[in-house]
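Input: a single structure, listed below in structure tokens.
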Amino acid sequence: MPSHDRQRFPSRIIEHLFDACDAIAAGLDASSDDERRRSAALTLARLMFLTFSRAWKRRRNDAPSPFAEADATFNADTLLAQIPESIIELRSHPCPGGAALRRAMTILNELPWHGDDDTPAGLTPALIGHVFERYVERKRRGIYYTGNDVTTYIATRTIVPRLLEALAPESERMVTDLIRRDPTRYLPAAVQHGSERTLPPAVAAGLSDVARRTLWDVAAPEEYALPGETWRDVIVRRHRLHETVAALRSGIIEPPQIVTHNLDLIRLMGDLCAAWDAARLNELDTALMSLTVLDPTCGSGAFLCAAFDLLAHLVRIVGGRRNAESPPIPVGQRLRAIIERTLYGVDVMPEAVEICRMSLWLRLAALVDDPDHLRDLRFNIRTGDALTGTLQRSDHAVSVDTRRSLDWSTAFPGVLERGGFDVVIGNPPYVVRSGLPSDPALCTYQTAATGNLYALVIERALHLLRPHGWLGVIVPVASVATDSMKPLQRLYAPLRQWHSHYAVRPGKLFPNVDMNLTITIIQKTSAPGERYVSGYRRFRAHERPHVFDTLGYTPLPLLDGLNGMLPKLGSTLEVGLLQRMLAHGRCVHDYVEPDGVAIYYHSGGRYWRKALPEKLSSHYKPLRIDARIAPVMLALLNSHLFYWYWIAFSNCMDVVARDVLEFPVFRLEEVDPAPFASLVAHLLTLYHEGATTRARRGARIQTSETTIDARRARAVVAAIDRLLAHHYGFNDEELDFVLSYDLKYRLGRSERLTADPSDDAAHRAYQRHAARGAPPVASRMPSDPLQ
């Protein structure tokens, strides 16, 4: 399999390619800027494709070209004549003159070229789609180019389980035997990093005594830690490793469990192929050839290329084993069949469809020597609207634009008649559109009320899936965290499902896109109690290579009080914490009084939650309650605990009324408010001392804005959480989790104990005390004057 990190494109290369697009665009006579950019990007893609295909010919010892070469005269017509006929989707579009093409080629010729995607320093085939998506600004249409680590994760976690199910029950028995024999062999190396080492005594002391965890938030040395990890991170990762190994050693390992435990599925499939006899390999070969994988909004093909890479790897594993025996299988033909019989795609933009075909052609060309495997290659990539077309000939779906509607039965004959697609993957468009329930083409969708097209795409994908098929998508975190997405959550409810969540700061999965994201994997089988979730995963750029390898899922029980929501919980401890809160049977909305005293919670901010007795700006929203419990409520809404709850249940962007009103609380009327009042008074004093005011003098907004640095008051906030823990009944482990939650990212570098070890007082304390196991003298948090 190709490297997961291969698509880290140098910005210098991207800028040169944009310059080439601009050179082409300058020579176009187009009706709009949008048409000009699309035509320029398509023309550049054709130029790059031609260069890569010629490089293929040279690497194959001047093998005959799989398509005819045109005359050396270089213009748009001769360029088009050198593209394989089956790739071309758009023949009539603005074409540049020869001078513009030559300027673009001059820019391209100055760049290093590489025929495979594992070399990120120059031009690679993967750049064709990447540049197209960015240059045409598909972000404005809610469409984003998806990185290879994301596409590989989703493709692998949907396709491999489907293949194993097709070979059940024998596959389950063999998978179980292999994993039980050596569980760690199938766990990512990142998860196991440093686990063979004994923890230093000063760190290990905190395992049994919460009070001795002073060093846990210090950066751990690299022999123990992955980049960016603290000792706390190391210990949490080790704990999950031990839990996972124990689970893998017991019971039957069914296909869904390989997703839950985040196993190395490529290694597992390789070992299965090595262990199977010839008859079982024939069955796997048949399963591979009968598999159908769809991306209903495929764009330039990122997901389909990831699926091709995975399937091609499996085909070659089977071929390598079979070719050592008799009879051999024709690997080249099998690779071609992946494109012609397995992969299906739809997109509304014909330019994207053509580039998707180019990308798949180049993927195949990189693996075959015989030009016959490329000649007259057929694609199941179609231009059309995946939402407005009919699924069956008897359907009478109405379409606003019949030219773009897709008749699925005609476009992909036989697939739906056989029950539907085995796997549907993709990154549907995140497009808010008003009036969907009244749109004649879309009003029949149950998810039309959500007002966002990605929900409709998921609904259609579930219809297109065969029973027990697998769906994998990346969508906004709002899909599982907001009331507006209730119709989508109701579609999820009866099905087996996994949801992992990714923050937008400090690092992000989509460059230059300010959006929290969720990867959702669904198996279309009735299993209403099988829901698996991750926590809210923050990472910095240097931590991203391990984001998916270290992913862990937690079973989410059917809890009263969730109202269909799917919280972001990263461990069984967090599940227990939530259960303990819900057990009190009270929420903030039980204490709302329309004529009560007003307190104001801040609806903005990413890392700290604030509530005040006065309104500083329009971003502070009122909550009216009985005056006697106002100090308790202010304490609750400023706490680390509320921050954790908000992250778990919200869109992680802003605080809405539901986030506050549904917050589980103890019986506020039964507690003494005086200790809370004392803490809140001190908190507000620190807020006031650390507040800054700046003027906003924009064209439309003329105001002053007050900013509160809540980090200055974190010791008081910690004292508030200790008091709250007493009333909730938290144990020491739960309180420690709340006090430390997300602090690695919430605190500035100068305040973190994860700063450069050479400059860090706590790390120096670790060095002094680690060898002899003495408890360190420095405190992780500043001393609390109110403790």
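Averaged per residue, the chain has 39 square angstrom of accessible surface, using a 1.4 angstrom probe with ligands and nucleic acids left out. Distances between placed amide hydrogens fall under 5 Å for SER405 paired with ASP385, all partners being 5 or more residues away or on another chain. Under 5 Å between amide hydrogens, built in the peptide plane, is the criterion, and for LEU495 it picks out ALA527 among residues at least 5 positions away or on other chains. By the Kirkwood approach, averaging reciprocal distances over each pair of separate Cα atoms, the range 284-394 gets a hydrodynamic radius of 14.7 Å. Of the peptides 422-431, 122-131, the ranking by mean beta-carbon count within 10 Å, highest at the top, reads 422-431, 122-131. Placing a pseudo-label 7 Å from each Cα along the Cα-to-Cβ vector at THR176 and ARG540 gives an inter-label distance of 4.5 nm.
Plainly put, the range 569-678 has a radius of gyration that is 0.95 times its Kirkwood radius, both from alpha-carbon atoms, as the Rg/Rh ratio.
Here the peptides 344-357, 162-175, 677-690 are ranked by packing, the mean other Cβ count within 10 Å, and the order with the highest first is 344-357, 162-175, 677-690. Just to confirm the filter: which trypsin sites (Lys or Arg not before Pro) across the range 415-517 are DSSP coil and have at most 11 other Cβ within 10 angstrom of their Cβ? Counting only loop positions with at most 11 other Cβ atoms within 10 Å, the trypsin sites (Lys or Arg not before Pro) in the range 415-517 are ARG418. Think of the chain as having a plus end and a minus end, set by charges on the Cβ of Lys, Arg, Asp and Glu; of ALA718, SER484, ASN512, ALA718 sits farthest toward the positive end of this dipole. The smallest convex shape that holds all Cα atoms of the range 554-603, its convex hull, gives 125 Å³ per residue.
Taken over the chain, lysine pairs spaced eight or more positions apart, or on distinct chains, with alpha carbons under 27 Å apart number 16. Expressed as an acute angle from 0 to 90° and rounded to the nearest 10, what is the orientation of the C-alpha long axis of helix 640-649 relative to the principal long axis of the chain? The two axes meet at around 30 degrees. 3J(HN,Hα) along the range 678-694, derived from phi through the Karplus expression 6.51 cos²θ - 1.76 cosθ + 1.60 where θ = phi - 60°, amounts to 5, 5, 5, 4, 5, 4, 5, 4, 5, 4, 5, 5, x, 7, 10, 10, 10 Hz, with x in place of Gly and Pro. Our coupling estimate for the range 439-455, obtained by passing each phi through the Karplus curve with A = 6.51, B = -1.76, C = 1.60 and θ = phi - 60°, is 6, x, 7, 10, 5, 7, 6, 5, 8, 4, 5, 5, x, 9, 5, 4, 5 Hz, Gly and Pro reported as x. Rolling a 1.4 Å probe over the protein heavy atoms of the chain, with every protein chain left in place, gives an accessible area that is 50 percent carbon and sulfur. Largest first, the extents of the alpha carbon coordinates of the range 470-545 on the three principal axes equal 39, 26, 18 Å. Take 262-271, 298-307 and order them by the average number of nearby Cβ atoms within 10 Å per residue, most first; the result is 298-307, 262-271.
Across the range 407-419, computed HN-Hα scalar couplings (Karplus, 6.51 cos²θ - 1.76 cosθ + 1.60, θ = phi - 60°) run 8, 4, 5, 7, 5, 10, x, x, 5, 5, 5, 8, x Hz from first to last residue, x flagging Gly and Pro. Only Cα pairs under 8 Å and 6+ residues apart enter the sum, and on that basis the relative contact order of the chain stands at 12 percent. Helix 278-290 against the longest principal axis of the chain: what's the angle in degrees, Cα atoms only, rounded to the nearest 10? In the chain, helix 278-290 runs at an angle near 90 degrees to the longest axis. Seen against the Cα atoms of the chain and their longest principal axis, helix 11-26 is set at about 50 degrees. Once Rg and the Kirkwood radius are both taken over the C-alpha atoms of the range 139-232, their ratio Rg/Rh works out to 1.15.
The values are calculated or read from the model by the stated rules, or taken from the named source; none is laboratory data. Just so it is clear, the model here is predicted, and its values are computed rather than measured. No Cβ is skipped: glycine too gets one built from the backbone with ideal geometry, and neighbour counts run over all protein chains shown. The accessibility values were calculated without ligands, DNA or RNA, using every heavy atom of the protein model including side chains. Shrake-Rupley method; radii C 1.70, N 1.55, O 1.52, S 1.80 Å.
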